[in-house]
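Computed from the coordinates by the stated procedures, all read-outs in this text should not be read as laboratory data. Since the structure is predicted, the reported quantities are computational estimates derived from the model, not experimental observations. With ideal geometry, Cβ positions are generated from the backbone for all residues, glycine too; neighbour counts draw on all protein chains shown.
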Amino acid sequence: MIPSQSFVLRGFALAILLFTPLAALHAAATPLPESAPAKPNILLIYIDNVGYGDLGCYGNSEVKTPRVDQLAREGVRCTDFYVVTTSCTPSRGAILTGRHPMRNGLTHQLASTENWTGIGLPHRERIIPQYLKDAGYATACFGKWNIGFAPGSRPTERGFDEFFGFRSGNIGYYEHLYNHEYDIFRGTERHKVDGYSTDLFADAANNFIRRHASRPWFVYLPFNAAHFVSTGNVPQGQRPEWQVPGKYLERYGWPANEASEKRRYRAVLTALDDAIGRVLDTVDDLKLRERTLVILISDNGAFMLPGRGLEVATNAPLRDGGTTCYEGGVRVPAIFRWPGRLPPGTECREMLSQLDVLPLCLAAAGAAPLQGRVLDGLNPLPTLAGVAKSPHQRIAFAYDKGTALREGSLKIVRHGGQSPWEFYDLAQDPGEARNLAAARPADVARLEAMFQTWLADVKRDASEPAARPGRAKK
């Protein structure tokens with residue numbers, strides 16, 4: 001059993017210096033003290049649609065994810081880590097800006113040709129690589145972009161030195177198609193390449209890390225896996241299925257033509273795990289482990305999609321999944337490893353969110369946010385180190401018509417502006433099976449008032465959403 005961080009305090013006093021007061025509504029990242037070692041490398045791995053119960057280190061005994069499980073043993077595994085929105089595009093805008101989608105102006109999923117003709121994330125927004133590039137980092141993105149590819153919106157125009165990946169929300173793992181159009185790019189140009197996408201992105205990350213081993217680097221590695229495959233991701237007439245090299249099916253004793261979607265999905269997770277392990281091996285081979293902060297997070301809960309066997313992932317023991325604001329949609333796997341800064345083999349049971357990643361990166365790099373820029377994230381390092389409670393009194397969630405707010409163990413959630421609030425005590429009911437709204441109306445009213453206060457505040461320093469271009473007709 002992984003010990004609770006409440007018992008791991010000694011040896012991590014540095015984190016106290018980085019603690020952001022709980023009373024602060026918004027706080028700039030606190031740089032490391034002058035006596036701190038050289039700026040760390042930062043590896044941010046963002047996995048796609050992986051559910052809370054999909055990984056071995058989160059209780060799944062039927063899947064083989066030994067390398068991610070090892071990472072959890074070597075770092076901090078979070079039990080109450082959240083994304084504040086529950087679909088691919090706004091989730092990426094949120095983690096890269098440290099600002100809620102309702103503040104950064106990107107609240108919707110980019111779909112169809114809007115992926116490459118739309119501005120997406122407003123240009124006023126500043127993202128992690130722009131801060132870190134100014135702090136002397138080499139920066140690269142390998143994988144899924146999905147926040148706009150119009151001129152000025154592309155990765156190499158938003159702080160990344162290199163980009164190899166795709167513009168859209170998902171591609172076929174082999175043919176690399178989105179809406180039947182080839183969608184792999186290097187920089188700003190289409191780049192024809194063969195291979196399994198999970199391996200291609202891991203290999204590109206390894207190549208970049210080796211070439212920049214002598215200076216601090218930031219690698220954003222948003223894998224396509226384990227996103228489902230749809231009809232637009234495969235050639236016309238081909239049946240969409242979870243795509244994976246046969247060797248990963250063989251590890252389970254299954255044939256290469258295995259028909260079970262659930263089994264194929266597990267193999268996709270194992271292939272993803274293997275690719276992550278190869279990147280971590282490169283960090284070790286270059287003797288960079290001690291000065292590399294590794295962050296692994298899922299972009300939202302697994303989708304619970306009925307039909308065609310897509311209900312193969314699991315958010316157990318949580319309710320529902322992606323696109324909803326129930327726990328299965330917003331509470332996700334998250335692991336942090338930073339030797340000498342974070343206690344290995346521990347659990348963090350405090351409430352943290354994806355919005356905290358940017359403040360953590362800025363603190364690690366000795367950088368600061370734009371003057372006057374409101375960040376919704378807060379520096380999580382003291383909390384991850386086990387020397388402080390959560391810096392958040394409450395976290396608000398929103399996607400499409402769904403909204404929610406959690407304060408401590410109490411949570412309100414609803415599906416639309418006119419629907420009634422549901423109320424749950426997550427300490428007693430993490431699966432949100434018992435709606436206590438009728439029994440505790442005063443608590444519902446109090447949390448609703450807090451949500452309305454947040455809704456008013458989130459307009460402060462907000463970016464105007466970019467115009468949405470019409471979707472091209474086929």
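Quick rundown of the values:
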item: Packing-based exposure ordering (other Cβ within 10 Å, fewest first) of GLU448, GLU175; result: GLU448, GLU175
item: Packing-based order for 125-137, 62-74, 226-238, using average beta carbon neighbours within 10 Å, highest first; result: 125-137, 62-74, 226-238
item: Normalised contact order of the stretch 5-393, rounded percent, pairs of Cα under 8 Å and 6 or more residues apart; result: 33 percent
item: Highest average packing first - 144-155, 85-96, Cβ atoms within 10 Å; result: 85-96, 144-155
item: Label point distance in nm, LEU370-ARG468, each placed 7 Å from Cα along Cα→Cβ; result: 2.4 nm
item: Mean-position separation - Cα centroids, the stretch 251-313 and the stretch 51-130, in angstrom; result: 15 Å
item: Ellipticity estimate at 222 nm from DSSP helix runs (n ≥ 4, -39,500 (n - 2.57)) divided over the chain, nearest 500; result: -7000 deg cm²/dmol
item: Cα-only radius of gyration and Dmax that characterise the stretch 398-457, units Å; result: 10.9, 31
item: Contact order relative to length of the stretch 188-326, as percent, for alpha carbon pairs under 8 angstrom and 6 or more apart; result: 22 percent
item: Protection proxy ranking of 48-55, 462-469 - average other beta-carbon atoms within 10 Å, highest first; result: 48-55, 462-469
item: Dimensions in Å of the stretch 269-338 - Rg and Dmax from alpha carbons; result: 15.6, 47
item: Relative contact order %, the stretch 39-195, counting alpha carbon pairs below 8 Å whose residues are six or more apart; result: 15 percent
